[in-house]
Amino acid sequence: MKLWGGRFTKPTNELVDAYTASIHFDKRLAKYDIQGSLAHVEMLKVCGILPASDTEEISKGLKAVAAKIETGEAELSEQHEDIHMNIEKLLIDEVGPVGGKLHTGRSRNDQVALDMRLYLREALLEITQLLVHLQEALHQQAKANLDTVLPGYTHLQRAQPVLFAHHMMAYVFMFQRDVERLTDSWKRVNKSPLGAGALAGTTFPIDRELVAEQLQFDGICENSLDAVSDRDFVVEFLADSALIAAHLSRLCEELVQWSSAEFNFIELDDAFSTGSSMMPQKKNPDVAELVRGKTGRVYGHLIGMLTTLKGLPLAYNKDMQEDKEGMFDTVETLRGALALFAPMVETMDVKKENMYEAVSNDFSNATDLADYLVGKGMAFRESHAVVGQVVLHCINENKYLLDLTLEEFQDFSALIEEDIFTLLRPEAVVNARDVAGGTAKNRVEDQITLANKLFEASKVWILEHEEAIVLKNN
């Protein structure tokens with residue numbers, strides 16, 4: 001007989017049990033379910049709803065159940081549907097009928113919402129920390145490559161030279177937005193729904209704020225209907241994760257391209273590459289490719305969650321059981337990708353000479369020639385046309401701009417003088433972009449300094465919130 005089976009005259013069909021059970025995936029909420037239950041039973045004691053003798057026995061039993069689950073001694077059964085009912089059954093087995101009093105003043109509806117918030121709160125900290133580690137790896141590569149010039153691209157065509165450090169810092173700031181989104185979402189995750197009951201609250205004189213305080217929440221969900229039906233915090237996490245995955249995928253694409261023979265700008269460490277079963281010469285960037293590939297599953301979980309919520313009436317509906325697997329898988333997918341990515345970036349070999357050779361054998365300095373003519377008084381549209389003609393001449397002669405003689409330059413404009421040969425060198429082109437956020441070396445150094453401050457702020461935030469969780473667990 002189910003724990004809820006009093007009004008039923010026959011057991012559920014075994015196919016129904018198998019189809020509706022969630023224990024095979026929500027068992028990972030066990031720790032959080034017991035944390036919430038310990039806070040709930042303490043509140044029942046303080047409010048005089050249960051006698052201290054009962055609550056002490058229940059608390060002791062919950063801790064025993066937690067230990068058995070952790071060691072694998074406890075058997076979790078599909079017959080009991082979900083982690084909540086399994087733990088309650090284990091508790092009753094441990095302490096007897098008094099264990100049935102634990103559920104006083106609450107429902108599985110507010111209980112599961114609580115567990116998910118506790119789980120996600122911890123996941124936010126871990127993913128944020130992993131993001132900072134990746135940022136620091138990119139930051140380290142930037143510091144080591146302040147004199148490394150590579151072609152910058154638009155439309156995957158050579159555009160203008162940039163510092164490799166500048167390129168790395170672009171990703172540092174990209175991932176910084178991800179950190180900021182995750183840390184901002186904490187305030188929406190960190191509210192307690194417990195006490196909302198099934199949908200309307202409870203007739204027992206509970207103290208919701210006391211439970212929230214014990215679990216280090218910032219407050220309670222203000223409306224009981226919203227408390228049990230809200231999964232915005234899951235959607236928000238999945239949306240934030242989709243952006244993280246997109247950013248990782250963009251970087252993966254560049255690492256894959258750069259490590260090819262056609263680019264030959266970097267070489268990934270052997271520890272983060274694989275070989276071919278057939279072709280002995282191959283060194284494949286499989287880690288980067290797989291991270292890129294897993295982006296689709298993260299996107300899919302976001303769309304799946306939004307679709308599940310679409311059109312759901314208040315309050316709880318069984319559809320919402322679909323809220324967990326995508327969230328769990330997204331956490332695991334990001335955890336795995338980010339843990340690999342930082343050391344992969346740290347250990348990659350940057351082939352500075354190849355990058356410099358590439359940027360020396362293209363027309364990515366053409367804009368600077370146009371700007372030079374503008375500085376001499378020529379209108380930009382005219383200078384653009386003149387430089388286009390110079391480039392066409394070079395293509396026809398199999399030359400690049402710095403291969404031309406001064407006389408050849410002056411055939412197109414008498415304004416061009418000897419100093420053009422200094423101004424068109426890759427280093428000069430880079431350092432001419434001396435504006436805030438530009439690729440000039442001193443401006444990239446400014447970005448590196450700013451990033452140090454951002455990392456420190458992130459680490460302080462992580463430490464403060466980790467300490468709150470440690471206090472709660474103790």
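A few points about this structure:
- Applying 1/(1 + (r/R0)^6) with r as the Cβ-Cβ distance of THR422 and GLU357 and R0 = 22 angstrom yields a FRET efficiency of 0.65.
- Reachable lysines from LYS441, criterion Cα separation under 20 angstrom, eight or more residues apart if same chain: LYS143, LYS351, LYS352, LYS453
- The fewest-to-most ranking of CYS221, CYS47 by surrounding Cβ atoms within 10 Å reads CYS47, CYS221.
- Two-site label geometry, GLU78 and ARG188: point separation in nm, points 7 Å out along Cα→Cβ: 3.6
- Note on ALA339 and VAL46: their simple-model spin labels are 3.6 nm apart, each label 7 Å out from Cα toward Cβ.
- Here's how it looks for ASN284: its modeled amide H is under 5 Å from those of THR274, GLY275, which are all 5 or more places away or on a different chain.
- Prolate/oblate/rounded call for region 68-165, Cα gyration tensor, a/c under 1.5 rounded: prolate
- With both labels modelled 7 Å from their Cα along Cα-to-Cβ, the GLU253 to LYS459 distance reads 3.3 nm.
- Look at TRP258, TRP186 and count the other Cβ atoms within 10 Å of each Cβ; fewest to most, that gives TRP186, TRP258.
- For region 417-427, Karplus couplings with θ = phi - 60° (6.51, -1.76, 1.60), whole Hz, Gly/Pro x: 10, 4, 5, 4, 5, 7, 5, 8, 5, x, 5
- Residues whose placed amide H lies under 5 Å from that of GLY152, excluding near-sequence neighbours: ALA159, GLN160, VAL162
- ³J(HN,Hα), Karplus 6.51/-1.76/1.60, whole Hz, each residue of region 207-216, x for Gly, Pro: 10, 5, 5, 5, 5, 4, 5, 4, 8, 6
- Net lengthening on full extension, ASN317/GLU70 (0.36 nm per residue, minus Cα-Cα): 85.9 nm
- Between ALA246 and ASP218, residue separation times 0.36 nm minus the direct Cα-Cα distance comes to 7.0 nm.
- Its Cα centre serving as origin, the chain has a Cβ charge dipole (Lys and Arg +1, Asp and Glu -1) of approximately 1340 debye.
- Mean separation of Cα pairs under 8 Å and 6 or more residues apart, divided by the residue count, gives region 366-424 a relative contact order of 35 percent.
- Once each of the trypsin sites (Lys or Arg not before Pro) sitting in a DSSP loop with at most 11 other beta-carbon atoms within 10 Å is removed, the chain keeps 1-281 as its longest stretch.
- Amide H contacts of ILE220 (H built 1.01 Å from N, under 5 Å, at least 5 apart or other chain): SER192
- For region 177-243, the list of GluC sites (Glu not before Pro) that fall in a loop by DSSP and count at most 13 other C-beta atoms within 10 angstrom reads GLU222.
- Each residue of region 196-206 was assigned a 3J(HN,Hα) from its phi angle through the Karplus expression (A = 6.51, B = -1.76, C = 1.60, θ = phi - 60°), giving 6, x, 6, 6, 10, x, 9, 7, 7, x, 6 Hz with x at Gly and Pro.
- Panel order for HIS24, HIS139, HIS247, HIS155, by other beta carbons found within 10 Å of each beta carbon, from fewest to most: HIS155, HIS24, HIS247, HIS139.
Bear in mind these aren't lab numbers, they're just calculated from the coordinates by the rules spelled out. None of these values were measured; they are calculated from a predicted model. Positions of Cβ are backbone-derived with ideal geometry, glycine not excepted, and every protein chain shown enters the neighbour counts.
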